[in-house]
1. Could you give the Stokes-Einstein D for the stretch 129-203 in µm² per second, using the C-alpha Kirkwood radius, 25 °C, 0.890 mPa s?
2. Under the Kirkwood approximation for Rh and a Cα-based Rg, what ratio Rg/Rh is obtained for the stretch 349-402?
3. Is the shape of the stretch 24-160 best called rounded, prolate or oblate, per the rule: a/c under 1.5 gives rounded, else a/b larger than b/c gives prolate, else oblate, with a ≥ b ≥ c the square roots of the Cα gyration tensor eigenvalues?
4. Given that compact globular proteins tend to follow 2.2 N^0.38 Å, what is the ratio of the alpha-carbon Rg of the chain to that value?
5. Once the stretch 265-376 is represented by equal point scatterers at the alpha-carbon sites, with solvent omitted, what log10 I(q)/I(0) does the Debye formula produce at q = 0.10, 0.22 Å⁻¹?
6. With label points built 7 Å along Cα→Cβ from the Cα atoms of E62 and E334, find their separation and express it in nm.
7. For T365, list long-range residues whose amide hydrogen, built 1.01 Å from N in the peptide plane, is under 5 Å from its own amide hydrogen.
8. What is the extension gain from E197 to L71, computed as 0.36 nm multiplied by their sequence separation minus the C-alpha to C-alpha distance, in nm to one decimal?
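Derivation of every value follows stated rules applied to the coordinates shown; laboratory data play no part. As the structure is a computational prediction, the values presented were derived from the model and not from experiment. Backbone-built Cβ (ideal geometry, glycine too); neighbour counts: all protein chains shown.
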Amino acid sequence: MKLADGSHLTYCSNIHAGETWPELRDALVAVVPEIKARVCPDAPFGMGLRISKSCLDALRTEAALTELRELLASRGLYVFTINGFPYGAFHGRRVKEEVYRPDWLTPERLDYTCGLADMLVALLPDEEELEGSISTVPCGERIAIRGGEDRAAELLLRLIAHLAALRQATGRTVAVGLEPEPGCHLETTAELVTFFEEWLFSRRALARLAWMTGLAPGQAEEAVRRHAGMCLDLCHAAVQRENPKDACEAPLRAGIRIVKLQVTAGLVARGDVMRLRCAFEPLRDEVYLHQVTELGPAGRRAFLDLPEALIAAENAPGDREWRVHYHVPVFAKEFGALASTSDFAATVLAAQRHSALSQHLEVETYTWSVLPEPQRGGLVDVVARELAWVKEQLGHDSGGRA
C-alpha cells in the first residue's frame with residue numbers, strides 16, 4: 001500500500017507455500033484479498049512476491065503472465081518488489097544452507113535474477129515514479145565465497161548492465177538489494193559497504209561496466225548506485241548486534257541505496273543452557289537455519305544453527321545472551337518465554353519516519369508455518385497486525401494518512 005510519504009508497505013508472499021505458479025495463484029486468490037480487506041480496503045494494495053525459479057519459468061509464457069496481470073488488477077493489487085533470495089523450494093522440506101544456492105558465483109543466479117527483473121518491469125503499475133526492487137543473496141555462504149569476490153562482482157556488474165539496459169528500453173527502474181545475513185559473505189552493514197567500495201565502486205569495476213554498456217565512466221557509476229544497493233533486514237542486523245543508527249546511516253553515507261527495508265524481528269534469550277534448551281525445544285525445526293550470536297562465558301561467538309549453539313553451550317557452563325535468526329511477528333515484544341528484537345525494528349522505523357531511509361518496506365515472517373501452533377496465530381491476523389504495527393510506528397492511521 002502507498003503511504004502518505006510516498007513509500008510503499010507490503011508483506012512478503014514467502015509466508016505462503018508458493019514454489020509453483022498454481023500455489024502462488026492460490027495465495028493471491030484465497031488469502032491476499034482477506035489481508036487487503038483488513039489493512040487497505042479502499043485503495044490498491046502493493047504486493048511483495050516471492051517467485052521461485054520454477055514459478056518464474058512457468059510465468060515466462062504470455063498466457064500465464066497475462067493471467068497474473070489480470071488476477072492482480074481484478075483484486076486491486078499491484079507488485080513493486082520481489083524476493084529473489086530463495087531460488088528453489090522454501091516450504092515443507094529441508095532448506096537450511098540450500099537457501100543460498102545457487103550463489104553469486106554461478107550463472108544460474110544471474111540468469112534467475114535477470115528474469116525476475118524482466119518480469120517485475122512487466123508487472124509494475126503505470127506510475128513512472130514507482131521503481132521496482134529485488135532482494136537477493138549477499139553473495140552466498142561465507143565459506144563458499146571467500147576468495148571469489150571478483151567472480152561475484154563480475155556477475156553483479158552483468159546484472160547491473162542488464163538493469164541499465166531495461167531502464168533504457170522501458171523507462172522503468174529496477175534495483176537489486178544485497179541482503180546481509182548471519183553466516184554469509186556479507187553478514188553486516190559494514191561488510192556490505194566494504195564490498196561495494198572495493199568491488200563495485202572501484203575504478204576497475206566502473207571501467208568494466210562502462211565497457212559492457214557503452215556508458216561513460218561517470219554514467220557507469222550512476223548506474224551502479226541506481227541499480228544496486230542494500231536490502232536491510234532488521235532481524236539480521238539485530239542478531240548481528242549492529243547499532244540501529246549505524247545500520248541505517250552507514251550505507252547512505254557511502255552512497256548506497258537501501259533498496260528495501262525488511263521489517264522483521266528475531267529472538268532474544270538469556271540464561272544457562274538448561275533454560276535455553278527448554279525455551280527453544282518447541283522451536284526446533286528441520287526446515288530453516290536459525291543462526292545464533294552469543295555473548296557469554298566464552299565471549300562473543302557465532303553459530304550457524306541452533307543445535308550447534310546448544311552443544312557449545314553445554315561445554316561452556318554459565319549464563320549467556322543469545323540473539324537468534326528466527327523470524328517472529330514484528331509486533332511481538334515477547335514470544336512465549338523469549339524476548340524479541342521488536343524494539344530494534346521500532347528504532348529503525350522511527351528513523352524511517354524522520355528521513356525516509358527507503359521507499360520500499362516489507363514485513364517478512366516466513367517462519368510462520370514452523371512456529372509453535374499455540375503462539376502462531378492465524379496467518380491473516382498475523383500479517384494484518386504486522387502491517388498495522390508498522391503503520392503505527394510510522395505515524396500513519398489505518399487509512400495510511402500521516
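1. Working: Rh = 13.2 Å.
For these conditions, the coefficient is 186 µm²/s.
2. On the way: Rg = 13.2 Å, Rh = 12.6 Å.
Rounded to two decimals, Rg over Rh is 1.05.
3. Details: a/c = 2.18, a/b = 1.77, b/c = 1.23.
Prolate.
4. Values: Rg = 20.3 Å, N = 402, 2.2 N^0.38 = 21.5 Å.
Normalised Cα radius of gyration, the chain: 0.95.
5. Calculated log10 I(q)/I(0) at the listed q: -0.32, -1.21.
6. Distance between the two pseudo-spin positions: 5.9 nm.
7. HN-HN under 5 Å from T365: C12.
8. 41.2 nm
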